[in-house]
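Chemist: What follows is a single structure, and I will ask about it in a moment.
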Amino acid sequence: MMDEKIKLKMDKVRNKILVLSGKGGVGKSTVAVNLAYGLSLQSYKTGLLDIDIHGPDVSKMLGVEKERLKAIDNEIEPVSVNENLKVISMSFLLETADTPVIWRGPLKMKAISQFLGDTRWGELDFLVIDAPPGTGDEPLSVCQLIPDITGSVIVTTPQEVALLDVRKTIKFSQQLGVKILGVIENMSYLICPACGFKILLFGEGGGEKLKSEFKIELLGRVPFIPEISKNADSGKTAFFSEKTEKFFREIVDKIVKILNISDT
């Protein structure tokens, strides 16, 4: 019955994008939040689903962490960020921000099923799904519950340790038949504020290596800009600053072009 409900809901979503990373700390949630927010600014009806059950952060990054989910006609009403962006996150169900979720796999899959099938998503152009790092229960559940998922976006940093893990994520997508829309190299470099010199904090060329090795698109390189994390802490996306928004706008434009979307 639940699979049927999920299918009915997801049939109303034109594009379902799963944001993945091989390891934590590479800025995957930052990318997911800014991808969804950027799409909404282009008048695309967008949903953002946070399936990081144990570490849900997207509500904090969007400044809606104090909101709580409501039920309407036995369905979950998502939290609205703006007129085009709706969000569902485990954080909206927790008593406090410090409350841990101590669940095994079956409970997590049930929660994800409900978020997909019991939420009043409505007609959407995009559903961006922010998964926890790795290739475990949560991303696997999404791929099984949404067999027609549009594709995955994979986030990495240039360092070899991150590339080692992200290769597993790429092969995860391939083995499950999920099209890889491309890879984003986050924290690609730092521009010294004093001299303007480019500092390679985590090495260089990681995104290019993956592009060459797996024949996948390099969607963009986002530099290490302290303002991005500072804004995220205060509930503002990268689109609140001209200094940072251009990097994510280019990524959004490239994904829209890859998917060959010409109308809203």
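Since every read-out is calculated from the coordinates, none of them should be taken as a lab result. Computed from a predicted structure; not experimentally measured.
Chemist: Which value, in Å to one decimal place, does the Kirkwood hydrodynamic radius take for the chain when every pair of different Cα atoms is included? Please report the intermediate quantities before stating the final value.
Modeler: Values: mean 1/r = 0.0539 Å⁻¹.
It is 18.5 Å.
Chemist: In sequence order, what are the phi-derived ³J(HN,Hα) couplings for region 15-23 according to the Karplus relation 6.51 cos²θ - 1.76 cosθ + 1.60 with θ = phi - 60°, rounded to whole Hz, with x for glycine and proline?
Modeler: Going residue by residue, I get 9, 10, 10, 9, 9, 10, 8, x, 9 Hz, with x marking Gly and Pro.
Chemist: For region 98-110, just list the computed ³J(HN,Hα) in residue order, Karplus coefficients 6.51, -1.76 and 1.60, θ = phi - 60°, integers in Hz, with x standing in for Gly and Pro.
Modeler: With coefficients 6.51, -1.76 and 1.60, one gets 8, 5, x, 9, 10, 10, 8, x, x, 5, 5, 5, 5 Hz.
Chemist: Tell me, in nm to one decimal, what length is gained between residue 234 and residue 197 on full extension, where the rule is 0.36 nm per residue of separation less the Cα-Cα distance?
Modeler: On the way: separation 37, 0.36 × 37 = 13.32 nm, distance 2.83 nm.
That pair, residue 234 and residue 197, stretches by 10.5 nm at full extension.
Chemist: Under 5 Å between amide H atoms, partner at least 5 residues away or on a different chain: which partners does residue 157 have, H built in plane at 1.01 Å?
Modeler: 186
Chemist: Something else: Which whole-number percentage describes the relative contact order of region 2-258, with Cα contacts under 8 Å and a sequence gap of 6 or more? Please list the in-between numbers first.
Modeler: Values: 519 pairs, mean separation 67.0, N = 257.
Relative contact order of region 2-258: 26 percent.
Chemist: Which far-off residues, 5 or more places away or on another chain, put their amide H under 5 Å from the one on residue 15, with H placed in the peptide plane?
Modeler: For residue 15, whose amide H was placed from the backbone, the distant partners under 5 Å are 126, 127.
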